[in-house]
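Accompanying notes for the structure given below.
The values are calculated or read from the model by the stated rules, or taken from the named source; none is laboratory data. Computed from a predicted structure; not experimentally measured. Reconstructed Cβ throughout: ideal geometry from the backbone, glycine too, with neighbour counts over all protein chains shown.
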Amino acid sequence: MKRKIAIIGAGAAGLMAACAALEAGAAVTVLEKNEKAGKKIYITGKGRCNFTNACDPEEFFPNVRRNPKFLYHALYAFPPSAMIAFLEENGCPTKVERGRRAFPVSDHASDVTKALTEVIKKRGGKIRYHVEVKGLLLEPDPEDPEKKKVTGVLLADGTRFPADAVILATGGLSYPSTGSTGDGYRMAREAGLSVTATAPSLVPLVTREDWPLALQGLSLKNVAVSLWEREPDINMVETAGEGAAHKGKKKRKKPVWEGFGEMMFTHFGLTGPLILTASTYCDFAKVPQGYRLELDCKPALTLEQLRDRIDREFALSRDKALVNALRPLFPERLAREMALLFVQAVRPGKNPEEQIQSRAVTFNEKEREALAALTKCVPMTITGTRGFPEAIITKGGIQIREWNPATMEAKKVSGLYGAGEVLDLDAVTGGYNLQIAWSTGHLAGASAAGADDNEE
């Protein structure tokens, strides 16, 4: 008799679990409350689906923010190269771009989902849509009185769906519009499993200052960012350039995180790859006063080199207004905001709009040094995130100590397996999070189908 497996959720982890379980000879039914599979896959990578990062496992683990060691078995069993091969073999040609980010050649996320669902169809699996799972069917485990055993799932309409094994692949809380509403956490708690506190991650950040909002839509490339726990009463304008100015003087605390790359200003604050990664290091529950984000607009130049550059630009533009003298240094819209920040720092109490029209020649050497310091360290106050509706992933989830990393089976519940974002696993941007879903899903599916074949 084939083992009957019920998979809750037709997202990345659930679909891969189905493929692996079917390959191992099980009878598989995927239960999905949405009208289609892979709803979240469709919106990843701006619809292009950065489905993995084409790196070796050894290079993968440093990019996992929480519990990387738990992933060793899953990732080595089904690494990024295996996912690329899977798609290539099933009608979805792939390509690798900058940062080793892998995409379908078509740039259509739907092709990734199609490859997975076609494999499930060809191997005789079923995906039932518009089916909501209410909870797990549990009973005492006859082989171990200290454990429970899953016997299937209870559907929202009251139907009992029996199964030899159940794979929990419900996702987290991010993008709730795709159906990720935390159902898996509730089911896990009802089964006696522990769930850590959850928070949005890989999410845009909100600034207290208004000036970034005026730059909505402006992207900056090749900039550096550092994130610091904020001192509660710091004045951001008066301390503009503080970070650069402190170099060689008073030693500062270490930043929470530093990075280099691309970011974008928005109508609420900041987003882009750099900012999304920075968000994974934010913990507003522990740091309620928020964070100080420092932007280095010219990371390729030392402070001394930048001072020389500014001196040259001001010499060439001595009779131009300050705001115009800054345009060789910054994009036009940013030049205006930098000019305003600069004059508020060096000429407090005076009308900023009037001051940015002052001739460049009127700014003395000390003021130009302050401009260099500000350019290397533009301060912003991060007060929070845009929340789960705009978060790519969920930080936190079912504690990894509840699972056997060699099989993805729950230690306290026989026949219950977990995979994907519902677990307390997350990584930075670049395809790593989807690969976590593929790897854990593949291991969960193979283990559930093979019973004890994968046990250590």
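Residue check: Thr239 meets all listed conditions (1) at pLDDT 95 or above; (2) in a loop (DSSP other than H, G, I, E, B); (3) among the polar types (S, T, N, Q) but one, namely (1).
Within region 323-391, considering only helices (runs of 4 or more DSSP H) that don't extend past its boundaries, which have at least 3 residues that are among the basic types (Lys, Arg)?
In region 323-391, the matching helices (runs of 4 or more DSSP H) lie at 365-376.
Annotation note: Cβ proximity below 9 Å between a residue of region 370-387 that is farther than 17 Å from Val256 by Cβ and a residue that is of a type in the set (Asp, Glu) and outside any helix (DSSP H, G or I) (sequence gap 6+ or interchain) occurs for Thr375/Asp296; Lys376/Glu294; Lys376/Asp296; Val378/Glu294; Val378/Asp296. Applying the condition of being part of a helix (DSSP H, G or I) and within 38 Å of the chain's Cα centre (by Cα) to region 301-312 and asking which residue is surrounded by the fewest Cβ atoms within 10 Å (Cβ to Cβ) yields Glu304. So, in region 325-360, of the ones that are farther than 20 Å from Glu209 by Cβ and touching a residue at least 24 places away in the same chain (Cβ under 8 Å), which residue ends up surrounded by the most Cβ atoms within 10 Å (Cβ to Cβ)? Within region 325-360, the match that is surrounded by the most Cβ atoms within 10 Å (Cβ to Cβ) is Ala325.
Inspect region 24-33 for any residue being in contact with a helix residue (DSSP H, G or I) (Cβ under 7 Å, 6 or more places away or on another chain), within 27 Å of Pro389 (Cβ to Cβ) and surrounded by 24 or more Cβ atoms within 10 Å (Cβ to Cβ) and give the result as yes or no.
Checking region 24-33: at least one residue is in contact with a helix residue (DSSP H, G or I) (Cβ under 7 Å, 6 or more places away or on another chain), within 27 Å of Pro389 (Cβ to Cβ) and surrounded by 24 or more Cβ atoms within 10 Å (Cβ to Cβ).
At pLDDT 95 or above and in contact with a His (Cβ under 7 Å, 6 or more places away or on another chain) - does that describe any residue in region 78-101? Scanning region 78-101 turns up at least one residue that is at pLDDT 95 or above and in contact with a His (Cβ under 7 Å, 6 or more places away or on another chain). Residue pairs whose Cβ atoms lie under 7 Å apart, sitting 6 or more positions apart in sequence or on different chains, and linking a residue in region 96-113 that is more than 19 Å from Gly11 (Cα to Cα) to a partner that is surrounded by 16 or more Cβ atoms within 10 Å (Cβ to Cβ) and small (Gly, Ala, Ser), are Val96/Ala54; Val96/Ala102; Gly99/Gly430; Arg100/Ala54; Arg101/Gly430; Arg101/Gly431. Checked against (1) farther than 25 Å from Ala214 by Cα; (2) in a loop (DSSP other than H, G, I, E, B), Lys298 meets all criteria but (1).
For (1) free of Cβ contacts under 8 Å to residues at least 40 places away in the same chain; (2) within 30 Å of Thr277 (Cα to Cα), each residue gets a yes or a no:
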site	(1), (2)
His130	no, no
Lys134	yes, no
Pro162	no, no
Ala165	no, no
Pro176	no, yes
Ser180	no, yes
Gly184	no, yes
Pro204	no, yes
Pro212	no, yes
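When you look at Ala315, is it among the hydrophobic types (A, V, I, L, M, F, W, C) and either farther than 24 Å from Trp257 by Cα or assigned to a loop (DSSP other than H, G, I, E, B) (or both), yes or no? Answer is yes for this residue. I'm told Thr52 meets every condition in (1) at pLDDT below 95; (2) under 21 Å from Ala17 (Cβ atoms); (3) of a type outside the set (Gly, Ala, Ser) except one. Can you identify the failing condition by its number? Condition not satisfied by Thr52: (1). Contact annotation: residue pairs with Cβ atoms under 7 Å, 6 or more positions apart or on different chains, pairing a residue in region 36-48 that is assigned by TED's automatic domain parsing to the domain that holds Arg98 with a partner that is among the acidic types (Asp, Glu), are Arg48/Asp107.
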